[in-house]
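Structure, as structure tokens:
The values are calculated or read from the model by the stated rules, or taken from the named source; none is laboratory data. Quantities reported herein were computed from a predicted structural model and do not represent experimental measurements. Cβ: placed from backbone, ideal geometry, glycine included. Neighbour counts: every protein chain shown. Surface areas here come from the heavy atoms of the whole protein model, side chains and all, with no ligands, DNA or RNA. Shrake-Rupley method; radii C 1.70, N 1.55, O 1.52, S 1.80 Å.
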Amino acid sequence: MNFRGIIDMDKYEQIVKQFTDELEKVGITPLNQDVLVTVPVQSFKAFFSALPLIDALNKSGLKANLKTVRKPEETKEEKKRIEKMSEHGSITEDSFYEKYADRIGTDLITQMRDLGGAGAPMASSMFGGGKKVRVEEDESDKIYTLLTYVWELIDKYIEVCAGGSYDYEHEQKFGTIMNRLNPYFAEKNENPLESWARAPHIILDFDGDAFKSVRGSPEIILKIDSADSWVTLSNVEDDLEKVCFEIIRSGFNLPRGGDTLIILPNIPSEKRRKKPKEDYLQAYLQAYKLEDVSFKRGRIASILTLNTKEHPNDPADKVWSTIQAFWGLEFSKYVPQEPFKRYKIFSAVSGMRYKARLPHAICIFKGEGYFGKDIFGEIIGYPTPNLKTKWTSTLQLISKLKWYPQSSEDDREPLIRLGLQEILPISTFLRVCGIDYKNMRKRNESIKEVLEKAEKLEVTGQPIDGFATNLTVSLGRRELRKSDSEAIWPGMFANFPGGEVYFTPESLSGVFVSDEVISIDSSYVLESPLVIKIENGHYTEITGNQQILNILLTEKEKVKKRITHLEEKLALPNEVLQLYKDNLDRIGEFGIGTNLNAQLPSSYLIEAEKAGRTIHLALGSGYEPDRATLYHWDAVAGHHQKLTLTALTSDGNEIPILIEGEWSKELEEEET
């Protein structure tokens, strides 16, 4: 099958040029202009017409984002369907909720009203247990509802500051919060909240025929005939649908009515982009199909595109900063501290609890660069209820993964499932994600069982350009983890594709030779080996290709500046900042690849590290709270080294896992 044939790059560039010419005609100037383009969910024509427009807007010097949106008229029938299923008890998740209904406390029962469609099975079991719970489903897109409401409030606040007056109590209370918040921003020399949380200068909405401005002046109408003609889905649609359905069903285990926010990077500028542009466009096809399949299978999804940044200290896009700020405020409203106590009053008066509802899952496609800092999280932060520490990232707060240092001090339950993909061509995506998940999970469990018996691991490999891997790895009592492509409960994290067993080493020493791929700010193919010398869990020297070494040095300096920046802003307690410093030179992960469909050589870290019979290490942050820092860069040792990996037990037994690049007899028999 000609996967490359589904994208006509010449046609795409022609359409980008046509949109660029149209933008010049309408006279949009790039000076501080933020643009949001909205299109209906599940609309192939709208979504793929919008992508070259986003490209043209960003090339023209504007800052553009794309959001797929459910309109109220599109969700009325969906709401009726969910309510009917709840009434008749026909939702398959009922059995689970019936089992645990008696263990659900009052606070959680109250929160179920915020779950929308996903609350239906819970409500059904609650009624059966004599508990009265009513499920409310907003008749519009969760995230866009939140954004438009906040924008209206900020518009009113700006109007009042210019001499107007408040019309409603909730507007007045919001103004009081703003007056309390902005001194924090002024104290740290940051722009006030209304400067970055207000509506984009221009909002373009697709009406079925053209993109028309619904905010901003002058009036804008952009129409390019057949603007979606650069892409063809028909020859891969069935395969894509099968793989995407498995991710939604098995990967996230979403209840009917459960929703996913899919976050995509916009195509970076020619200067910053290292991946082929076509990889991004093919990844957009994957995201579109994830959204489409979600609706077809009784779930909900929407897409948001964001611009990546060169530096992690750069602020995130305004749209994403606004979403994060109000998710974080809503989740933190019971913290016994200002401004959250005052926000709690506003939330009750305004009904914000129904507007700032979270998706059940967030699936992020990783591209090049960084999505930027959480502005509110850095300047004010989200304290833990015991006030002992705080979060600087809403995404970390609501996912609350076990290895975040703040998690042990925060007794609130995590609220979302988190998935991570890399920008991949469709051929790679279908191959590495279209696997026998049952067999992969069985293989992962078998390797994990071997590691559970081990005290140490010994790794050796044949020389590559005169350098050979030779490591001794101490496991200690660290948690052994499996990448099973399962984020089936809130607080779980999954890679798509999956296929590895990994852990944070207690310690390790020796030499590691990476000869495949390293992921830094992007995936880099190693033209020559990268040789990493390690002592007592810290890497002490790295030699290899000078270009890669320069990138490592540059990006690590950015990490150091990020820590200094957080220190200067008093964004985190000293204990957390010191942890970040102490782990700057650590090896954070040891992983064994188990995905038999992943192939080498590969230009993509997420495929290379998952490839069966490979090993990878991560420089930087680990998967334990005491091993956190602000970067995690994986480097892969591949098949050319014919690696031997042996587990050593405390009583002196040796259990082979790899023997000269092949699975041990026991694992080979299981695989067969």
Just to check your reading of the model, which residue among 6, 91, 82 is buried (at least 20 other Cβ atoms within 10 Å of the Cβ) and either under 22 Å from residue 214 (Cα atoms) or modelled with pLDDT of 70 or more (or both)? 6
Scanning segment 152-174 for residues that are among the basic types (Lys, Arg) and either exposed (fewer than 13 other Cβ atoms within 10 Å of the Cβ) or farther than 18 Å from residue 353 by Cα (or both) gives 156
Within segment 397-450, track down each residue that is β-branched (Val, Ile, Thr) and more than 13 Å from residue 495 (Cβ to Cβ). 398, 416, 423, 426, 428, 447, 450
Given 305, 322, which one is surrounded by 22 or more Cβ atoms within 10 Å (Cβ to Cβ) and not in a helix (DSSP H, G or I)? 305
Residue that is crowded, with 19+ Cβ neighbours inside 10 Å, at pLDDT 50 or above, of a type in the set (A, V, I, L, M, F, W, C) and touching a Leu at 6+ places or on another chain (Cβ under 7 Å), where the choices are 143, 177: 143
Restricting to segment 235-272, name every residue that is over 20 Å from the mean Cα position of the chain (by Cα), open to solvent by 10 Å² or more (accessible area, probe 1.4 Å), under 26 Å from residue 319 (Cα atoms) and in contact (Cβ under 8 Å) with a residue 40 or more places away in the chain. 269, 272
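Matching residues to (1) touching a strand residue (DSSP E or B) at 6+ places or on another chain (Cβ under 6 Å); (2) touching a residue at least 60 places away in the same chain (Cβ under 8 Å):
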| residue | (1), (2) |
| --- | --- |
| 435 | no, yes |
| 444 | yes, yes |
| 449 | no, no |
| 464 | yes, yes |
| 492 | yes, yes |
| 499 | yes, yes |
| 515 | yes, yes |
| 519 | yes, yes |
Name every residue in segment 11-41 that is open to solvent by less than 10 Å² (accessible area, probe 1.4 Å) and β-branched (Val, Ile, Thr), in order of residue number. 15, 16, 35, 37, 38, 39
Might you check whether a residue that is open to solvent by less than 20 Å² (accessible area, probe 1.4 Å), over 26 Å from the mean Cα position of the chain (by Cα) and over 18 Å from residue 149 (Cα atoms) occurs anywhere in segment 194-204? no
For segment 597-605, does any single residue satisfy the condition of being in contact with a helix residue (DSSP H, G or I) (Cβ under 9 Å, 6 or more places away or on another chain), modelled with pLDDT of 95 or more and farther than 19 Å from residue 525 by Cβ? yes
Can you pull out every residue in segment 633-651 that is without any contact (Cβ under 8 Å) to a residue 60 or more places away in the chain and over 17 Å from residue 525 (Cα atoms)? 651
I need the full set of residues from segment 535-584 which are in a helix (DSSP H, G or I), open to solvent by 60 Å² or more (accessible area, probe 1.4 Å) and among the hydroxyl-bearing types (Ser, Thr, Tyr), in order please. 554, 564
Being in contact with a helix residue (DSSP H, G or I) (Cβ under 9 Å, 6 or more places away or on another chain) and open to solvent by less than 60 Å² (accessible area, probe 1.4 Å) is the filter here; which residues of segment 214-234 pass it? 220, 222, 224, 227, 228, 229, 230, 231, 233
Could you run through segment 607-644 and say how many residues are not in a strand (DSSP E or B) and not acidic (Asp, Glu)? 20
Test: residue in segment 280-292 that is part of a loop (DSSP other than H, G, I, E, B), open to solvent by less than 10 Å² (accessible area, probe 1.4 Å) and modelled with pLDDT of 95 or more: no
For the list (1) farther than 28 Å from residue 314 by Cβ; (2) touching a strand residue (DSSP E or B) at 6+ places or on another chain (Cβ under 8 Å); (3) open to solvent by 10 Å² or more (accessible area, probe 1.4 Å); (4) polar (S, T, N, Q), I need the number of the one condition that residue 603 fails. (1)
Answer yes or no as to whether residue 389 is surrounded by fewer than 23 Cβ atoms within 10 Å (Cβ to Cβ), in contact (Cβ under 8 Å) with a residue 60 or more places away in the chain, over 27 Å from residue 508 (Cα atoms) and hydroxyl-bearing (Ser, Thr, Tyr). yes
Exactly one of (1) modelled with pLDDT of 95 or more; (2) surrounded by 21 or more Cβ atoms within 10 Å (Cβ to Cβ); (3) not acidic (Asp, Glu) is unmet by residue 357. Its number? (1)
May I ask you to say which residue of 665, 642 is out of contact with any Gly (no Cβ under 8 Å at 6 or more places or on another chain), open to solvent by 60 Å² or more (accessible area, probe 1.4 Å), over 26 Å from residue 402 (Cβ atoms) and among the basic types (Lys, Arg)? 665
Quick one: in segment 392-432, which of the residues that are of a type in the set (Ser, Thr, Tyr) and not in a loop (DSSP other than H, G, I, E, B) is nearest to the chain's Cα centre (by Cα)? 399
Evaluate the following for residue 427: is it touching a helix residue (DSSP H, G or I) at 6+ places or on another chain (Cβ under 8 Å), hydroxyl-bearing (Ser, Thr, Tyr) and open to solvent by 30 Å² or more (accessible area, probe 1.4 Å)? yes
Can you name the number of the only condition in (1) within 17 Å of residue 518 (Cβ to Cβ); (2) assigned to a strand (DSSP E or B) that residue 647 fails? (1)
